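Below: the structure, in structure tokens.
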Amino acid sequence: MLGALALVAFSTAALLDVKSDQLIGTFGGRYTNVKIVSDGLPLACFNSEVEGGTSCVHCHDRLCQNVSHTVVDRSLNSNNARFIVMHAHPETGLAVMTYADQHQSTNQSTLKLDTCHDAACSTYTVTPLTSEGYPAYSAFAFAPHSHLPFVVYYNQGVGLQFIACHSPRCDNHSSPATLAGGADAGMYPSVAILDTGMPFISFYDGDSLSLRWVLCGDVGCQSATLGLVGSGPAGHEYGKYNAMVLADGLSSSGVYVDDTTGDFFFYNCRFVPGTASVACSSTKIDEIGVNAYGVFPEIDICRAYSPYPVMTYFSSAAAAAGQLKFAKCASATCDSLEMQTLANGTVGDGRDSSIGCLTHDGGGYIYVSYLDYNGGRDKHARLVTAVPNDAPEL
């Protein structure tokens with residue numbers, strides 16, 4: 001268990017020159033994701049409650065002044081495409097996403113993996129992975145050499161499970177297997193594949209109210225070791241919302257929330273090659289408000305912009321208000337950082353954020369998608385287009 005941690009040194013700075021903060025969806029907007037795809041431009045996708053699927057907006061220029069819109073896996077079910085996670089395929093650059101198609105009226109849920117066939121995802125393949133139990137939150141990563149997806153997910157009432165894909169579109173895959181059992185174990189998972197090929201997973205264990213990790217002992221995760229990233233005082237929901245990124249071949253960095261106090265933490269886990277040993281340390285970096293529902297933070301490393309993590313997250317520390325924040329660590333341990341508020345609004349403004357990096361040594365763009373919940377009334381997806389202040393536009 002970690003004791004009380006002091007807030008790290010941080011400065012408020014104009015890290016990004018915001019070019020626009022534009023509305024990209026009035027037909028829903030939860031679980032936003034934005035990634036740079038095969039044409040070098042951003043694709044932003046989010047849940048569409050009206051169209052019953054995943055709405056995707058593709059920018060045709062770097063400032064996103066011209067866009068096109070498509071709906072992936074359209075249905076009559078407003079709860080289709082919940083908990084979307086999206087990555088660009090490391091070889092093709094095309095978007096791949098997982099999500100839960102949930103029918104709450106019949107208590108049925110199907111975990112799906114979609115593979116886009118073009119940059120705008122105007123054509124795609126939908127692969128149902130499993131309908132066993134009630135799949136919800138998911139995450140996936142690509143294996144370093146085969147580039148096959150490895151999918152982890154929370155199966156409500158069962159625990160943390162995984163599916164290993166044996167084909168690019170995952171139409172050939174392993175049967176679901178359990179990594180951590182428990183009615184509420186496995187929520188909000190993240191996964192990274194180490195240079196060794198071994199999957200490393202973080203998840204919130206709602207049974208023990210702690211953030212935990214799993215280190216697979218082999219590529220197919222037939223054996224695994226479980227450990228603790230962090231836990232708080234008794235009764236604290238420690239790690240309820242979290243995200244993780246591979247920092248280098250033998251370490252990961254992440255963020256998580258103590259949902260009881262509203263404290264926001266950065267953590268780093270390092271692995272000892274040839275062993276199942278993992279050492280994790282945490283640092284408190286912000287206070288985002290008690291029970292800041294729907295934080296869904298994002299962490300990434302835009303390597304040409306900075307070798308250290310950047311993150312976006314929702315803050316409701318101010319009464320009846322919501323903020324979207326962007327932070328940049330000054331070191332691998334994030335013992336100091338710079339922070340900028342990208343959007344201010346009513347309660348719910350800034351939730352469900354994601355980062356897309358189009359950067360190189362001479363400049364670049366950073367895109368941030370997020371949900372404007374408009375005080376809990378309407379759900380709108382928005383996209384921030386920004387240029388790092390210490391680097392010119394491309």
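The values are calculated or read from the model by the stated rules, or taken from the named source; none is laboratory data. The model shown is predicted, which means the values in this text are computed figures rather than measured ones. Glycine gets a Cβ as well: all are built from the backbone with ideal geometry, and neighbour counts include every protein chain shown. Note: accessible area is taken over every heavy atom of the protein model, side chains too, but ligands, DNA and RNA are not part of it. Shrake-Rupley method; radii C 1.70, N 1.55, O 1.52, S 1.80 Å.
If the only charges are +1 at each Lys and Arg Cβ and -1 at each Asp and Glu Cβ, what is the size of the charge dipole of the chain around the Cα centre, to the nearest 20 debye?
That gives a dipole near 200 debye.
At 1.4 Å probe size, put H145, H87 in order of accessible surface, largest to smallest.
In descending accessible area the options line up as H145, H87.
Give the ranking of D118, D378 by solvent-accessible surface, highest area first, calculated with a 1.4 Å probe.
Greatest to least solvent exposure: D378, D118.
Scale the Cα Rg of region 232-303 by the rule-of-thumb value 2.2 N^0.38 Å and send over the ratio, two decimals.
Here the answer is 1.19, to two decimals.
For the pair S20 and S131, how long in nm is the line joining their label points, each one 7 Å along Cα→Cβ?
4.1 nm
Where the only charges are on Cβ atoms (+1 Lys, Arg; -1 Asp, Glu), what is the dipole of region 244-358 about its Cα centre, to the nearest 20 debye?
For this selection, approximately 240 debye.
Straight-line reach from K379: which lysines fall under 22 Å, measuring Cα to Cα and dropping same-chain residues less than 8 apart?
Those lysines meeting the cut-off are K35, K325.
Leaving out ligands, DNA and RNA, and with a 1.4 Å probe, what % of the accessible surface on the chain is carbon or sulfur?
Its accessible area is 50 percent carbon and sulfur atoms.
Between H145 and N172, what is 0.36 nm times their sequence separation minus the Cα-Cα distance? Round to one decimal in nm.
Net length gain for the segment: 7.9 nm.
Rg(Cα) of the chain divided by 2.2 N^0.38 Å? The partial results should precede the final answer.
On the way: Rg = 19.2 Å, N = 394, 2.2 N^0.38 = 21.3 Å.
Taking the Cα Rg and dividing by 2.2 N^0.38 Å, one obtains 0.90.
Sorted by accessible area (1.4 Å probe), largest first, how do C280, C64 line up?
Correct descending sequence by accessible area is C280, C64.
Roughly how many whole Å is it from the C-alpha centroid of region 118-160 to that of region 255-272?
24 Å
Does region 1-114 come out rounded, prolate or oblate, given a ≥ b ≥ c as the square roots of the eigenvalues of its C-alpha gyration tensor, rounded meaning a/c under 1.5 and, failing that, prolate meaning a/b above b/c?
Oblate is the answer for region 1-114, as a/c is 1.5 or above yet b/c matches or exceeds a/b.
Over 27 Å, how big is the tail of the calculated P(r) for region 205-358, in percent of all Cα pairs?
Distances greater than 27 Å cover 24 percent of the Cα pairs.
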